[in-house]
């Protein structure tokens, strides 16, 4: 029987903190969320490895460091309202839920959305809401958001998502062709029509499918 608590501590120390992620609320959230509950049962023993893992619907759960990098880059803090596009297993949403005041995560795969919602209910993350929908255009009726995280790569940052940021809010998402090395970018809404952009490095994500993303093949 794996000692998941010990594996979780090692993951935070060696894969996250040792690589420069130091935001205390984020590290505490990573120590609290049982990653093994967000992967298929037969992969639970691999949940804390430094790599992405396959999940249902032919999708993946990102490696722990990438999840932490995106959350820290977005500046997620207590009391924030956060939108996640591409909920997947629900792991990142759960980590966000341990930090932010309210989290809405959108997932286009019905199977994944149902599984993620069940996990949130079972683990008691009652400030996290999972929606089954095309999230590529965001959720304008719930805007503005203090942070938006997109866990799928697009050809560009969709304008509707930028417009759903609060002033001072940040959006983090990968940009690049499906199957290729992509760039993780951070966009800050500095003013009503003023946006800044920084490149955070190379990543690989599944494609953003939807009205504001790639077409489903």
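No value in this document is a laboratory result; all are computed from the given coordinates. As the structure is a computational prediction, the values presented were derived from the model and not from experiment. When we count neighbours, we look across all protein chains shown, and the Cβ atoms used for this are built from the backbone with ideal geometry, even at glycine.
Here are some notes:
- Between the Cα long axis of helix 64-73 and the first principal axis of the chain there is an angle of about 40°, rounded to the nearest 10.
- With both labels modelled 7 Å from their Cα along Cα-to-Cβ, the residue 177 to residue 9 distance reads 4.7 nm.
- Diffusion coefficient, µm² s⁻¹, Stokes-Einstein with Kirkwood Rh over alpha-carbon pairs of the chain at 25 °C and 0.890 mPa s: 144
- The chain: calculated mean residue ellipticity at 222 nm from DSSP helix runs of at least 4, using -39500 (n - 2.57): -6500 deg cm²/dmol
- Of all DSSP-defined beta bridges confined to the chain, some 45% are antiparallel rather than parallel.
- Angle between the chain longest axis and helix 110-123 axis [Cα atoms, degrees, rounded to 10]: 60
- Computed from label points 7 Å out along Cα-Cβ, the spacing between residue 163 and residue 118 is 3.8 nm.
- Where both bridge residues fall in segment 45-134, DSSP classifies roughly 15% of the beta bridges as antiparallel.
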